[in-house]
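Student: Before I ask anything, here is the structure I am working with.
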Amino acid sequence: MSVIANARRARSSPWRRLLVRPETGAVAGSAAVWIFFAIVAGSYGFVSSLGASSYLSVSAELAIQAIPVALLMIGGEFDLSVGSTVGATGMLIAILTTHYGWNVWAAIVAALVFAALIGVVNGYLVLRTGLPSFIVTLGTAYILLGSTTGLTAQLTGLTVVNGVDQAPGFASARAIFATALGGGQLYPIEILWALALVVLATWLLLGTSFGNWIFGVGGDANAARNIGVPVKRVKILLFVGTALGSCLLAIIQVMTFTNADVLRGQGNEFYAIVSAVIGGVLLTGGYGTAIGAMFGALAFGIVEEGIVFAGVDANWYKAVVGVILLLAVLLNSYVRKLALEARR
Amino acid sequence: MSTMNAQSTPLIEVQGVSKYFGSVVALKDISMKVNAGEVMCLLGDNGAGKSTLIKILSGVHRPGDGHYMVEGKEARFSSPRDALNAGIATVFQDLAMIPLMGISRNFFLGSEPTKGWGPFRRFDAKFADRITREELLRIGIQIRDTGQPVGTLSGGERQSVAIARAVYFGAKVLILDEPTAALGVKEAGIVLRYIAQARAKGLGVIFITHNPHHAYPIGDHFTLLNRGRSLGTFAKSEISREELTSMMAGGEELEVLSHELAEFARTDALAGASLAEAAREFEEEAESLEDAASEHQDTLNRVSTDSQ
């Protein structure tokens, strides 16, 4: 039998192989912005452990949402309701504990169940209507924000609910979700949560059948369905994942601030997508890594805090984010082209 | 392989199958069957109903009327997965592979090998790589890296990998949707040779194509579809390549078409004659005009010399 491989015999260099990994751009980007701010803001304490703790905690909070959003985007969908889900689930915990006297742990479980429900509804609506998830989840985002604000105002007369620390079970819940670790109690435990999440997501993506299905449904949902992948189940579970990630962030924030604000989390939906994209996740789906999304969030956090340390007017922050986003997208499309050519 | 009893019972058989989409008749009263170790070619032009028929066979659609039997038993598939579990694997044109995914991950997509148990059950990447490499070598495709994206393979190789995957996962019936349509001559040859290998292994193959030159060398039986209806099923001994080609194009319709073309040619000739006449007339007119013009010029010249 003839062998038709001669065209692909040429070895690709390890350097090129590293270059086509989806997270390479985000790792290099994080390093670049860190070096930049170490030079510009080093004398203002950016390189100190205080600096590290500030950008690491910002990055961790971003990553907790960006990692599940990255999985969903690899699966070919968007979720713009993750910001509103933070506000809604956080407020649910606050109202259940302060208004109805629930135990904090019971309220946390209720919030997680509610979040999972949001994910199922999002997924079901997207799959049932066949409409772009971008629009469907934008709709559910507004519905969530509006009804959370309305119900909270009706029940409490306010849109910020304080006093969660008075509820039973608060101390033990705070120990898990909102303690500070390390020398000088500088590093919040959410950094560990983000790291645990990236390990879990990477395992899921690369180590399990489900991960293979995520790449499949995102790469070509039709082909995946034809080969027997349960496309609907995969996508709905991914929507549940993004909602649960948001709920985890809400729990952490409620335990940290001992209150909930209906507006908390607004804007996060785009930060999560941007982190994923900087991290090498393709907007069109089917390609990307959780580690990349984590580094995307890290680059984001370094820029946000670096600007503060550098003493630059923080109003410039979003302009810098925009520039980084554009550079990341350009880099990604170039890397994808390399990936498809690399072994030719 | 169950070649013994399969000779008596067809692997799959449809009887009087119809399918309507609203008021549109996609398929009307189609009957066909496939035995083990046999290639059934399903031929028809665009819009003949080939796609609808294979979607019924592969579990995407349910038949409106009629019977669909798998190894003699009535089949009720609600998804492609059901059909796959019954040993009916369909390789859809262009939809067989995920371009950005690695070859071995594509190969095992939907049927991933796992090791370990409970929460530690994981994708067995080593096994997947080894099997993919072996199976591809068997069909003559040597790859250095099973992790390379499928998008880097050629069209023929992609189809072959998709077919190899179906065979590996124990397909008894292969349904191939236009596997040679977008391929060059050499590439189509790779796929056709692989279809022959699958038949030799005792699989039943349904080969959908609109190219009789690809169908005739490999097919044992030929079912022709035209506008949702069957023109009949023929064994290779009953039909020549020329007859197949002319039936494919719709026999009588082709004759009508050639009449029409002849008519066009005749009217063209007539039009040509009248045009030539018109041209001659124009020419004459132009000559007379030229004469007039030169006369006029002469007059002008005379006038100008007079005035000087």
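Student: Could you go through segment A:238-260 and let me know if any residue there is more than 14 Å from chain B (Cβ to nearest Cβ), not in a helix (DSSP H, G or I) and not β-branched (Val, Ile, Thr).
Tutor: Yes; the residues of segment A:238-260 include at least one that is more than 14 Å from chain B (Cβ to nearest Cβ), not in a helix (DSSP H, G or I) and not β-branched (Val, Ile, Thr).
Student: Within segment A:45-95, which residues are in a loop (DSSP other than H, G, I, E, B) and of a type outside the set (S, T, N, Q)?
Tutor: A:Gly45, A:Phe46, A:Val47, A:Gly75, A:Gly76, A:Glu77, A:Phe78, A:Asp79, A:Leu80
Here's the yes/no breakdown for (1) in a helix (DSSP H, G or I); (2) of a type outside the set (Gly, Ala, Ser); (3) within 16 Å of the chain's Cα centre (by Cα); (4) surrounded by 18 or more Cβ atoms within 10 Å (Cβ to Cβ):
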| residue | (1), (2), (3), (4) |
| --- | --- |
| A:Ser172 | yes, no, no, no |
| A:Ala201 | yes, no, yes, yes |
| A:Leu206 | yes, yes, no, no |
| A:Asn212 | yes, yes, no, yes |
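Student: Still on this structure, please answer the following. Whether any residue in segment A:22-39 is within 14 Å of chain B (Cβ to nearest Cβ), touching a helix residue (DSSP H, G or I) at 6+ places or on another chain (Cβ under 6 Å) and at pLDDT below 90 is what I want to check.
Tutor: yes
Student: For segment A:226-234, does any single residue satisfy the condition of being loosely packed, with under 15 Cβ neighbours inside 10 Å, in a helix (DSSP H, G or I) and either at pLDDT 95 or above or within 12 Å of chain B (Cβ to nearest Cβ) (or both)?
Tutor: Yes, there is a match, as at least one residue in segment A:226-234 is loosely packed, with under 15 Cβ neighbours inside 10 Å, in a helix (DSSP H, G or I) and either at pLDDT 95 or above or within 12 Å of chain B (Cβ to nearest Cβ) (or both).
Student: Provide a single number: the residues in segment B:30-41 that are modelled with pLDDT of 90 or more, touching a helix residue (DSSP H, G or I) at 6+ places or on another chain (Cβ under 7 Å) and either under 21 Å from B:Gly64 (Cα atoms) or of a type in the set (A, V, I, L, M) (or both).
Tutor: Matching residues across segment B:30-41 total 2.
Student: Kindly list the number of the only condition in (1) within 13 Å of another protein chain (Cβ to nearest Cβ); (2) not in a helix (DSSP H, G or I); (3) not charged (D, E, K, R) that fails for A:Asn332.
Tutor: Only one criterion is unmet by A:Asn332, namely (2).
Student: Might you let me know whether segment A:278-288 holds any residue that is under 20 Å from the mean Cα position of the chain (by Cα), in a helix (DSSP H, G or I) and not hydroxyl-bearing (Ser, Thr, Tyr)?
Tutor: Yes, the conditions are met somewhere in segment A:278-288.
Student: Conditions first: (1) out of contact with any strand residue (DSSP E or B) (no Cβ under 9 Å at 6 or more places or on another chain); (2) closer than 17 Å to A:Val277 by Cα. A:Ala60 passes all but one, so which condition is the exception?
Tutor: It is condition (1) that A:Ala60 fails.
Student: Mind counting the residues in segment A:214-225 that are buried (at least 18 other Cβ atoms within 10 Å of the Cβ) and within 7 Å of chain B (Cβ to nearest Cβ)?
Tutor: Selection size over segment A:214-225: 7.
Student: May I ask you to list the residues in segment A:262-318 that are of a type in the set (Phe, Trp, Tyr) and out of contact with any Asp or Glu (no Cβ under 7 Å at 6 or more places or on another chain)?
Tutor: If the condition is that a residue be of a type in the set (Phe, Trp, Tyr) and out of contact with any Asp or Glu (no Cβ under 7 Å at 6 or more places or on another chain), then A:Phe270, A:Tyr271, A:Tyr287, A:Phe300, A:Phe309, A:Trp316 are the ones that fit.
Student: Do you know which residues across segment B:56-103 are aliphatic (A, V, I, L, M), surrounded by fewer than 22 Cβ atoms within 10 Å (Cβ to Cβ) and more than 9 Å from chain A (Cβ to nearest Cβ)?
Tutor: Listed by number, the residues that qualify are B:Met69, B:Val70, B:Ala75, B:Ala86.
Student: Determine whether segment A:58-66 contains at least one residue that is among the β-branched types (Val, Ile, Thr) and modelled with pLDDT of 90 or more.
Tutor: So far as segment A:58-66 goes, yes, one or more of its residues are among the β-branched types (Val, Ile, Thr) and modelled with pLDDT of 90 or more.
Student: Check whether at least one residue in segment B:95-108 is of a type in the set (Ser, Thr, Tyr) and part of a loop (DSSP other than H, G, I, E, B), and report yes or no.
Tutor: no
Student: When you scan segment B:109-119, how many residues do you find that are outside any loop (DSSP other than H, G, I, E, B) and either within 9 Å of another protein chain (Cβ to nearest Cβ) or of a type in the set (Val, Ile, Thr) (or both)?
Tutor: Here the count works out to 1.
Student: Give me the helices (runs of 4 or more DSSP H) completely within segment B:127-222, filtered to those with at least 3 residues that are within 13 Å of chain A (Cβ to nearest Cβ) and within 20 Å of B:Leu84 (Cα to Cα), ordered by residue number.
Tutor: B:155-168
Student: Follow-up question, since we're still on this one. Quick check on this structure: which one of A:Gly51, A:Gly45, A:Gly101 is at pLDDT below 95 and farther than 27 Å from A:Ala299 by Cβ?
Tutor: Matching residue, one of A:Gly51, A:Gly45, A:Gly101: A:Gly101.
Student: Any residue at all in segment A:267-289 that's out of contact with any Gly (no Cβ under 6 Å at 6 or more places or on another chain), at pLDDT 95 or above and within 12 Å of another protein chain (Cβ to nearest Cβ)?
Tutor: Taking every residue of segment A:267-289 in turn, none turns out to be out of contact with any Gly (no Cβ under 6 Å at 6 or more places or on another chain), at pLDDT 95 or above and within 12 Å of another protein chain (Cβ to nearest Cβ).
Student: (1) surrounded by fewer than 15 Cβ atoms within 10 Å (Cβ to Cβ); (2) closer than 15 Å to A:Ile252 by Cβ; (3) free of Cβ contacts under 8 Å to residues at least 12 places away in the same chain: which one isn't true of A:Arg128, the others all being true?
Tutor: Looking at each condition in turn, A:Arg128 falls short on (2).
The values are calculated or read from the model by the stated rules, or taken from the named source; none is laboratory data. Since we're looking at a predicted model, the values are computed, not measured. As a convention, Cβ positions derive from the backbone with ideal geometry for all residues, glycine included, and neighbour counts pool all protein chains shown.
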